[in-house]
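To keep things clear, I will list the structure first and then write my remarks on it.
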């Protein structure tokens, strides 16, 4: 009787020990998931502006003759859009019946990042050069937006008013000269990401 009781006690201890280990392991897993969730919540809270996730608004200033290259650049920005780091706008997003100049002015006014897609056609366009570029540089000077010249094709951009700004891609080497255009656009996208993250953090701080 005593032997059986001892065996039973040892068996119960083993079961208790086993269960306890399983419970502790489960608690650790739950705590790990909770920490990840808290991290996600904190990340989202860090980017909250008026209850919404902060996204830097990117405005494309470009000549329609460079529309194909603009499309390629926008493709390379897709992960930033999926991660809600940026939203993008250009004049092709104006709905039928929209007032062209009014829509452009409104979106340029609220832009956080203004991309000047520079080529000889951009420099030759009175609208791009005299209206959009001048407003962009005014906003940049007043720290209302960040202007980033993107050198698409070879041209005399060093003589332009924005020549003092750091141009992309790397070293201002125009995109059309890169052997692999995807490398050029990736370089541009990563630089835009860095700027956008800083802008979003600033927006979130200013919202409190």
(request) Subtracting the Cα-Cα distance from 0.36 nm times the residue separation, let me have the gained length for residue 79 to residue 204 in nm, one decimal. (result) 42.9 nm
(request) Name all residues of the stretch 101-128 having a backbone nitrogen under 18 Å from the label point set 7 Å from the Cα of residue 140 along its Cα→Cβ direction, giving them as ranges. (result) 108-128
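Coordinate-derived values only; no laboratory data. Please read all numbers here as calculations on a predicted model, not as lab measurements. Note that each Cβ is placed from the backbone with ideal geometry, even for glycine, and that neighbours are counted across all protein chains shown.
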